[in-house]
Amino acid sequence: MSEDLALVKAQSDLMRGLTEDIEEFIRAARAPATVRAYQSDWKDFVVSFCKPYGLTPLPATSGTVAGYITFLAKYTPAHAGTITRRLTAISQIHQFAGQKSPVSEFLVTETLKGIRRVKGTAQIGKEPMLTETIREVIAGVPDGLLGLRDTALLLIGFAGAFRRSEIAALMRKDASFTPDGLVITLRRSKTDQEGRGREVGIPWGTNPETCPVRALQQWLDTVKIADGPLFRSVDRHGNVSQQGLSPDSIGDIIKRAMLRAGFDKEVVKNFSGHSLRAGHATQAARNGVPEATIMKQTGHKSVVTLRKYIRAGELFVENAADSLGL
């Protein structure tokens, strides 16, 4: 092999390796959940729309994309927020493939504007789990390890205002007991993709039955968890898994705990893994806690975003209707 051919081969191997490294870093720049969402949304575009109608998904024309979101708006229950997310996935895939994204073209943007005007952009959120509901659910947990796990998970999630993904990702090393209560270290979260981390303080509760610090302490001491995942699955025989919970399982745990406590099925279906975090913000606002203090616990950077969480809670705090003499 001549020196020139050897150089070309070396450069080719180098570029091939760098290309793979670039793709790896691009994937690492986004949370795994975001990557999975993009994959799911892209699959829907390709399988549910392009293939049945013989359309090319990559590169897609603006007409194809406008037709797709029109199809979603008229013939599926997709909300405006879901449609916007699907467009983001289509745009990202095109950019990653080195193709011009059709999403920003006039036909698509105007179609989306029309969909938003017709369907609205308000998101339908799940019900927040407030303190009264937490107490009722805790009172109905079963004896044994399952009850200890559910009690600790519910109270820690509620007091810490944690996302379901944050609860599932907690490790034993992330929980430190102090004289003032519990310090939870969040090593990565939805708004902290670079992994800077932050600490969340959870004080001792005034009621031993619903104290999050005592509940977690009892769960850990009973199961003797020294390292590894903080919360784990418990089977019907009382066996505790060595594996951590998945984020999707948090909502199922909440719903099962509510059903055991006697809540109606129609009520329970309105709650999810997000209900603990939303409940913290809503209950705190209802109790008159300043927004800045709530944001310190939830980790929100924007008051506007926080107010989406607070929902009905702030409607009755310093309400002008109180002064009407009705």
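Within this structure, Lys9 fails the test of being part of a helix (DSSP H, G or I), of a type outside the set (Gly, Ala, Ser) and at pLDDT 60 or above. Inspect all residues belonging to the stretch 65-74 and state whether any of them is open to solvent by 40 Å² or more (accessible area, probe 1.4 Å) and farther than 20 Å from Gln39 by Cα. Yes, the stretch 65-74 contains at least one residue that is open to solvent by 40 Å² or more (accessible area, probe 1.4 Å) and farther than 20 Å from Gln39 by Cα. For a quick check of your reading of the model, give me the residue pairs whose first member lies in the stretch 220-249 and is on the phi < 0 side of the Ramachandran plot, whose second is open to solvent by 20 Å² or more (accessible area, probe 1.4 Å) and among the acidic types (Asp, Glu), with beta-carbon atoms closer than 9 Å and at least 6 apart or on different chains. Final answer for the pair search is Ser241/Asp235. In the stretch 207-249, of all residues being farther than 17 Å from Gly157 by Cα and of a type in the set (Val, Ile, Thr), the one that is most open to solvent (accessible area, probe 1.4 Å) corresponds to Thr222. The single condition among (1) in a loop (DSSP other than H, G, I, E, B); (2) touching a Ser or Thr at 6+ places or on another chain (Cβ under 9 Å); (3) more than 16 Å from Gly157 (Cα to Cα) that Phe271 does not satisfy is (3).
Among the residues of the stretch 173-186, is any surrounded by 12 or more Cβ atoms within 10 Å (Cβ to Cβ), touching a Pro at 6+ places or on another chain (Cβ under 8 Å) and not in a helix (DSSP H, G or I)? Checked against the condition, which is being surrounded by 12 or more Cβ atoms within 10 Å (Cβ to Cβ), touching a Pro at 6+ places or on another chain (Cβ under 8 Å) and not in a helix (DSSP H, G or I), the stretch 173-186 yields at least one hit.
The rows are residues; the columns are (1) in a helix (DSSP H, G or I); (2) modelled with pLDDT under 90; (3) over 18 Å from Ile115 (Cα atoms).
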position: Val35; (1), (2), (3): yes, yes, yes
position: Val46; (1), (2), (3): yes, no, yes
position: Ala60; (1), (2), (3): no, no, yes
position: Gly63; (1), (2), (3): yes, no, no
position: Gly67; (1), (2), (3): yes, no, no
position: Arg85; (1), (2), (3): yes, yes, no
position: Ser91; (1), (2), (3): yes, no, yes
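What residue, among those in the stretch 250-264 that are farther than 21 Å from Asp143 by Cβ and under 23 Å from the mean Cα position of the chain (by Cα), is surrounded by the most Cβ atoms within 10 Å (Cβ to Cβ)? Filtering the stretch 250-264 for residues that are farther than 21 Å from Asp143 by Cβ and under 23 Å from the mean Cα position of the chain (by Cα), the one surrounded by the most Cβ atoms within 10 Å (Cβ to Cβ) comes out as Ile250. Residue count for the stretch 71-120, restricted to those that are under 19 Å from Phe49 (Cα atoms) and among the acidic types (Asp, Glu): 0.
Residues in the stretch 93-110 that are in a helix (DSSP H, G or I), farther than 17 Å from Val35 by Cβ and either of a type in the set (Val, Ile, Thr) or open to solvent by less than 40 Å² (accessible area, probe 1.4 Å) (or both): Pro102, Val103, Val108, Thr109. Determine whether the stretch 21-31 contains at least one residue that is under 26 Å from Ile115 (Cβ atoms), at pLDDT below 75 and surrounded by fewer than 16 Cβ atoms within 10 Å (Cβ to Cβ). Checking the stretch 21-31: at least one residue is under 26 Å from Ile115 (Cβ atoms), at pLDDT below 75 and surrounded by fewer than 16 Cβ atoms within 10 Å (Cβ to Cβ).
The values are calculated or read from the model by the stated rules, or taken from the named source; none is laboratory data. Small disclaimer: the values here were computed from a predicted structure and weren't measured. Don't worry about glycine lacking a Cβ; one is built from the backbone with ideal geometry, like all the others, and counts go over all protein chains shown. Side chains included, ligands, DNA and RNA excluded: accessible areas come from the protein's heavy atoms. Shrake-Rupley method; radii C 1.70, N 1.55, O 1.52, S 1.80 Å.
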